[in-house]
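The values are calculated or read from the model by the stated rules, or taken from the named source; none is laboratory data. Because the structure is a prediction, the values reported are computed rather than measured. Backbone-built Cβ (ideal geometry, glycine too); neighbour counts: all protein chains shown. What goes into the accessible areas is simple: the full protein's heavy atoms, side chains included, and nothing from ligands, DNA or RNA. Shrake-Rupley method; radii C 1.70, N 1.55, O 1.52, S 1.80 Å.
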Amino acid sequence: GESVGLHLPTLSVQEGDNSIINCAYSNSASDYFIWYKQESGKGPQFIIDIRSNMDKRQGQRVTVLLNKTVKHLSLQIAATQPGDSAVYFCAEKIPLGAQKLVFGQGTRLTINP
Amino acid sequence: DAGVIQSPRHEVTEMGQEVTLRCKPISGHNSLFWYRQTMMRGLELLIYFNNNVPIDDSGMPEDRFSAKMPNASFSTLKIQPSEPRDSAVYFCASSLLRGTDTQYFGPGTRLTVL
């Protein structure tokens, strides 16, 4: 769950293609996960969330997949647009009733025209 | 609806000065979180409040940092004295206790300590 931000992983995709951003989380007992989008100079913006009793959840152009066996979370963005360029963070909620969110290091998504 | 409001948006100060960052959570939210974001350490939780009461301050770096929440619509994060290594973007977030656990972030305060 440590966030180390020296070098952000980067994903470049062509406009109109689908993007898949991956995240490995740390605690097998985490029960809630969120994906955030952060544009330059702005705060993290909620995209989609999923609870541990689900393995898939869909929103508008976005789908989150949860694989608890390997502690893996992914965010799929369909038909990427220039406005999707941002840093994407996954976050897990620490269990035992606390409200802490532990953030991943983030992935920078760049959309090529 | 107004989101989380933070002020100032930018702060430049000299080492040793006191810095106060302000946050107004989303109306009706009763949990408030202070985060710090740096390139080296990413997004770190400093402290959070439920119903104006500090619940966990284990992320506060040292005694130079303090946070208060005198009422449901206002919180401050104070650094005294400030040091260059405190330079970062500080975010405030709020959520609804016993809600979906989703935290909504403000625009942040970019602090530069010279």
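The table that follows gives values for the structure above.
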{"read-out": "Extreme residue, most open to solvent (accessible area, probe 1.4 Å), among residues of region B:36-64 that are outside any loop (DSSP other than H, G, I, E, B) and closer than 19 Å to B:P81 by Cα", "value": "B:R36"}
{"read-out": "Residues of region B:41-61 classified as more than 7 Å from chain A (Cβ to nearest Cβ) and in contact with an Asp or Glu (Cβ under 7 Å, 6 or more places away or on another chain), total", "value": "2"}
{"read-out": "Strands (runs of 3 or more DSSP E) contained entirely in region A:5-113, each with at least 2 residues that are under 19 Å from B:L45 (Cα atoms) and either more than 14 Å from chain B (Cβ to nearest Cβ) or of a type in the set (S, T, Y) (or both)", "value": "A:32-38"}
{"read-out": "Residue within region A:75-83 that is open to solvent by 70 Å² or more (accessible area, probe 1.4 Å), polar (S, T, N, Q) and touching a residue at least 40 places away in the same chain (Cβ under 8 Å) present", "value": "yes"}
{"read-out": "Residue count, region B:82-114 (criterion: within 14 Å of chain A (Cβ to nearest Cβ) and in a loop (DSSP other than H, G, I, E, B))", "value": "11"}
